[in-house]
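*Asks:* Here you go, one structure.
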Amino acid sequence: MNENETMSGVERWTKKPITVNVMMLTDTNAGAVTKWIRDNGGAAVMRGGDRGGSAGASISVQTLEGIEVGTPGYVFIQGVRGEFYPCEGSIFAETYDPEEVPLASDERNTCPGCGEQRFFNRSASSWHHKSTDSILCAAEGVSA
């Protein structure tokens, strides 16, 4: 859809699968998140927490829609145009899955039971077979 096309009514659309860079704000990493945003062209200001300094701090970030604030538990997302914005942690978890990237090309990417290619699923903290997305090795009934 381009800027000259319009919709005639309610339509259903599916969000395109894209990969974005993210950092979750915790009680202890506001300085690192602020630095990451600034180092990548964003504008962010850290505001000290109740305990002073960066402990429990919030971050105000300039988004395409204006200034938005994220507190510990929020995830800061770098969008497809390089923009940054905060997202509440539970909404982020419902919307995004971690990218499943194999480790460096070596024997760790091959299942010792069947020789099939595998990847490390960070959200599940376990190895999975590429063809079946299964933890269990079908050849020997052992964990991949």
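*Asks:* What residue, of G82, G41, is farther than 30 Å from Q117 by Cα, within 17 Å of the chain's Cα centre (by Cα) and exposed (fewer than 14 other Cβ atoms within 10 Å of the Cβ)?
*Replies:* G82
*Asks:* Would you please list the contacts, defined by Cβ atoms under 8 Å and residues six or more apart or on different chains, that run from a residue in segment 79-108 that is assigned by TED's automatic domain parsing to the domain that holds V33 and of a type in the set (D, E) to a residue that is part of a loop (DSSP other than H, G, I, E, B) and modelled with pLDDT of 90 or more?
*Replies:* Matching pairs, first to second residue: E83/G42; E83/L64; E88/G73; E88/Y74.
*Asks:* What number of residues within segment 79-89 are farther than 14 Å from L25 by Cβ and not in a loop (DSSP other than H, G, I, E, B)? Lay out the reasoning, then the answer.
*Replies:* Step one: of segment 79-89, the residues farther than 14 Å from L25 by Cβ are 79-83.
Subset that is not in a loop (DSSP other than H, G, I, E, B): none.
Residues meeting the conditions: 0.
*Asks:* Can you name every residue in segment 26-40 that is assigned to a loop (DSSP other than H, G, I, E, B) and at pLDDT 95 or above?
*Replies:* Passing the criteria: only N40.
*Asks:* Is it true that some residue in segment 4-23 is surrounded by 13 or more Cβ atoms within 10 Å (Cβ to Cβ), among the aromatic types (F, W, Y) and either over 18 Å from E88 (Cα atoms) or touching a residue at least 60 places away in the same chain (Cβ under 8 Å) (or both)?
*Replies:* So far as segment 4-23 goes, no, none of its residues is surrounded by 13 or more Cβ atoms within 10 Å (Cβ to Cβ), among the aromatic types (F, W, Y) and either over 18 Å from E88 (Cα atoms) or touching a residue at least 60 places away in the same chain (Cβ under 8 Å) (or both).
The values are calculated or read from the model by the stated rules, or taken from the named source; none is laboratory data. Worth saying up front: this structure is predicted, and the values here are computed from it rather than measured. So basically every Cβ, Gly included, is an ideal-geometry build from the backbone, and we count neighbours across all protein chains shown.
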